[in-house]
1. Filter the range 197-230 down to residues that are crowded, with 17+ Cβ neighbours inside 10 Å and farther than 18 Å from residue 98 by Cβ, then give me how many there are.
2. In contact with a strand residue (DSSP E or B) (Cβ under 8 Å, 6 or more places away or on another chain) and modelled with pLDDT of 95 or more: does that describe residue 77?
3. Go through (1) touching a strand residue (DSSP E or B) at 6+ places or on another chain (Cβ under 6 Å); (2) farther than 12 Å from residue 64 by Cα and name the single condition residue 187 misses.
4. Pick from 89, 65: which is crowded, with 18+ Cβ neighbours inside 10 Å, in a helix (DSSP H, G or I), modelled with pLDDT of 95 or more and under 18 Å from the mean Cα position of the chain (by Cα)?
5. Residue 161 versus (1) out of contact with any strand residue (DSSP E or B) (no Cβ under 9 Å at 6 or more places or on another chain); (2) surrounded by 13 or more Cβ atoms within 10 Å (Cβ to Cβ); (3) under 21 Å from residue 194 (Cβ atoms): which is the lone unmet condition?
6. With the range 133-230 as the region, which strands (runs of 3 or more DSSP E) entirely inside it contain at least 2 residues that are at pLDDT below 95 and at positive phi?
7. Among the residues of the range 190-200, is any within 16 Å of the chain's Cα centre (by Cα), touching a residue at least 12 places away in the same chain (Cβ under 8 Å) and over 20 Å from residue 105 (Cα atoms)?
8. Residue by residue through the range 102-131, note down the ones that are surrounded by fewer than 14 Cβ atoms within 10 Å (Cβ to Cβ) and either free of Cβ contacts under 8 Å to residues at least 24 places away in the same chain or under 16 Å from residue 81 (Cα atoms) (or both).
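The values are calculated or read from the model by the stated rules, or taken from the named source; none is laboratory data. Quick caveat, the model's predicted, so the values are computed rather than measured. Methodologically, a virtual Cβ is constructed for each residue, glycine included, from the backbone with ideal geometry; neighbour enumeration extends over all protein chains shown.
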């Protein structure tokens with residue numbers, strides 16, 4: 001999929017290609033038009049059905065979905081609410097569902113501030129704000145959680161060891177904030193060992209402008225997709 005630097009009003013990336021829905025719909029229409037044809041054997045119909053089902057699996061093999069810093073302080077009543085954060089959460093949950101359907105492992109990343117030099121603006125230890133959003137925890141009660149103190153999710157964490165143990169070769173990244181932890185993780189020196197895609201519409205930032213500028217810059221280095229592409 002080609003990367004471009006223009007985006008929809010909801011913050012999702014805009015691509016010039018056939019959508020997943022278009023491809024599947026066209027395939028289904030061809031199947032329906034020929035299903036009752038006398039020349040169509042049952043084996044051919046079964047083969048076409050298998051192709052339709054395989055087209056629904058869009059996530060590459062040996063992938064992991066890494067969800068970065070979807071924590072309470074970024075939501076309403078938190079210390080630092082983000083732009084359209086509830087919409088980004090909904091798309092993150094959709095991405096979780098698609099990954100689960102395709103048996104793709106999911107890793108949660110949680111930022112806990114280092115308060116040795118004083119209290120941080122947000123994500124302070126032992127606060128409600130530092131906790132991962134409950135909707136995400138409800139969907140992923142057994143997901144591994146990588147705790148970090150820096151913008152780069154690889155920096156000083158066990159993320160590399162976890163990915164190696166899972167034999168991961170492809171990373172799907174999403175989370176908060178687009179311009180900070182998502183970007184630093186995607187462009188981390190450690191990430192160069194993997195094929196990286198960022199789920200653009202499952203990320204957000206303090207403002208729409210910051211989000212879109214960040215995605216535009218990031219698109220020069222890594223592939224951007226939308227949650228509906230999964």
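1. Here the count works out to 11.
2. no
3. It fails just one condition, (1).
4. The conditions single out 89.
5. (2)
6. none
7. no
8. Matches in the range 102-131: 103, 115, 116, 117, 118, 119, 121, 125, 126, 128.
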